[in-house]
1. Residues of region 248-277 with amide nitrogen under 16 Å from the 7 Å Cα-to-Cβ point of Leu345?
2. Can you give the translational diffusion coefficient of region 287-407 in µm²/s, computed by Stokes-Einstein from the Kirkwood radius over Cα pairs at 4 °C and 1.567 mPa s?
3. What share of all Cα pairs of region 341-419, in percent, falls into each consecutive 10 Å distance bin?
4. Could you work out the relative contact order of region 303-407, using alpha carbon pairs under 8 angstrom and six or more residues apart, expressed as a whole percent?
5. With a 10 Å radius around each residue's Cβ, average the other Cβ atoms per peptide and rank 348-360, 381-393, highest first.
6. Per the 1.4 Å probe, what fraction of the accessible area of region 268-397, in percent, lies on carbon and sulfur atoms?
7. I need the phi-derived Karplus couplings for region 357-364: 6.51 cos²θ - 1.76 cosθ + 1.60, θ = phi - 60°, integer Hz, Gly and Pro marked x.
8. Could you derive backbone 3J(HN,Hα) for region 270-276 from the dihedral phi with the Karplus parameters 6.51, -1.76 and 1.60 (θ = phi - 60°), listing whole Hz in sequence and x where the residue is Gly or Pro?
Amino acid sequence: AGSLKKGPQLLILSKVPGVTETSSVKLSMEACTKSVVMAPPGTNIDAYPWAFHAIGRFLGACTTGKGATGFCASELLSENVEPHCEEFCGGSTARLGHHHSAPTAALQELEDGPYFVIASFLDVKSLGAADAACRLLRELNQAHSGPWQSLGSQTFHGLELENEGIFDLSAAGDDDEDFVESRRLARMDWRGRFARFRAELPTFRAPFAGSEILNVEQADEIAYCRCRLRTDFLGSAGVRNSNAAAYLEVEVLKNPDNVSLAVVDFEAGGCSSVTFSPDTGAVIRERKVREAPRKVEGAYIQPLATITAGQGFEGSMGLYLKGGHLAFFRRHYRSTGNANEAPELGAWETTGFVTDLSWAEGRRLTPCLAFRNEGSYQVRMVCVSYTPPVMPERTVAAYQDGNWSSLDWDATEQDAPEI
C-alpha cells in the first residue's frame with residue numbers, strides 16, 4: 001500500500017520469484033496493516049477512510065477465485081479493471097487477461113487478521129460502501145464482533161433504545177436479561193441494528209411519533225424520548241472510552257408558551273428530575289415526595305440570564321452527560337423583524353456542569369420535554385450523539401448547596417411556583 005500521507009494509493013501486486021500469488025496477497029495485507037498500526041506520529045488516519053475502502057475492493061478482486069462463494073464488481077475477468085478503480089489505484093490500471101487465472105486464496109483467511117484492523121478505521125459511509133463492493137466483505141462486516149458491531153458499540157456507547165436495550169448486548173448487565181434472551185447474538189444483523197439505532201434514537205415515544213412534535217393537546221404534557229442514558233456506562237469519571245458521553249439536542253421552531261428540557265429517573269423507579277428552562281436560564285432539581293395531594297421538594301440555580309421575558313423561547317437547547325455530571329446548552333434565534341428573513345442565530349451558551357447524579361436512582365435516565373400549556377408547537381429532535389457544540393466546564397458555584405434557592409411545593413398550601 002502507498003503511504004497514508006500520499007492519500008488513497010494502491011500498487012498492483014507483481015509476481016516475485018519464489019512467492020506465490022496467495023502468499024503475495026497475504027504479505028501485501030500484512031504491509032497494509034503495518035502501515036496503519038505503525039503510521040508516523042501526527043498522521044491523521046481518519047482523513048483517509050476511502051484508502052481502506054479501496055484496499056477492501058482490491059482484496060475482493062485478488063482473493064476471490066472460481067471456488068469462492070462471493071464476488072466483487074471488479075472480479076469479472078476483462079481487459080481492464082473498472083474505470084473508477086483507477087481513482088483508488090492512483091491512476092494504475094490492472095490488466096486481467098482472459099488466459100490468466102485469478103488467485104485462489106479465500107478472503108475468509110484474512111478475517112482474524114489484517115482485514116478487521118483495516119475495517120476498524122472505516123466510517124459509516126465507507127463501511128457501507130465495502131458492503132456494496134463485495135459479498136464476502138459484507139459477511140465479515142456483519143459478523144459477531146465484526147466491524148458493524150464494533151462501530152455501533154462506539155457510536156452508541158451508553159445509549160439505550162426503547163424495547164431494544166443497549167446496542168452491544170454482549171456487554172449487557174443483569175438489567176438487560178430480557179433483551180439478551182430474546183436474541184441470538186451470533187445471528188444478529190448488526191448493520192440493520194446500527195441503522196435502527198441511528199434512525200430511532202432521536203425520536204419521541206407515543207403519542208408523539210417520530211422526531212417532530214407539532215401539536216400538544218393538554219397542559220403539563222411530557223414528551224419522553226425513546227433513547228435512555230445509561231449511568232452505569234456514562235456515570236463514571238474514570239471511564240477510558242472517549243465516547244463515554246451523551247449529547248442530545250432539540251430545536252424549537254414554534255413555541256406559543258413554554259417548553260423545557262429535562263432528564264428523569266422514572267424508568268428506574270425513581271421520582272426525581274433535573275430540568276433546564278431555556279428562556280430563564282435556570283436549572284431546577286425536583287423530587288416528588290407525595291403523589292396525592294402532590295408535594296415536591298426542589299431547588300434551582302440560574303447559571304444563564306433570562307432572554308425571553310414574556311415570550312416563548314425559540315432556538316436550540318441540549319443536554320450533555322459526561323463523567324457523571326450534567327450540563328445544558330441553548331442558542332437563541334433572534335427575530336430580525338422581517339417576516340421574509342430567517343431569524344439570526346445567537347451564539348451557543350452553556351450552564352457548564354451544574355450537577356452530578358447523586359439525585360438519580362437506578363441506571364437509566366430518560367430525556368424528555370415538558371410543555372406547560374397546550375397549543376400548536378414545532379419542536380424537533382436534532383441529534384443524539386456524544387459531541388456538544390462547545391465543551392462545558394465545571395460551574396463551581398453550582399456544587400455548593402448554599403447557591404441553590406428553595407423551590408418546595410405542596411398542593412395543600414399553594415399553587416405551583418413558576419421558574
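The values are calculated or read from the model by the stated rules, or taken from the named source; none is laboratory data. Owing to the predicted nature of the structure, the values given are computational and were not obtained by experimental measurement. FYI the Cβ positions are ideal-geometry reconstructions off the backbone, even for glycines, and counts take in every protein chain you see. Remember, those area values only see protein heavy atoms, side chains included, never the ligands or the DNA or RNA. Shrake-Rupley method; radii C 1.70, N 1.55, O 1.52, S 1.80 Å.
1. Label zone hits: 249-253.
2. The calculation lands on 76 µm²/s.
3. 10, 26, 41, 19, 3
4. Values: 110 pairs, mean separation 24.2, N = 105.
Once divided by the residue count of region 303-407, the mean separation gives 23 percent.
5. Numbers: 348-360: 18.7, 381-393: 16.3.
Final packing ranking: 348-360, 381-393.
6. Numbers: 2660 of 5890 Å².
Carbon-and-sulfur percentage of accessible area, whole number: 45.
7. Running phi through 6.51 cos²θ - 1.76 cosθ + 1.60 with θ = phi - 60° gives 10, 5, 7, 8, 10, x, 10, 10 Hz.
8. Residue by residue, region 270-276 yields x, 9, 10, 8, 10, 10, 10 Hz.
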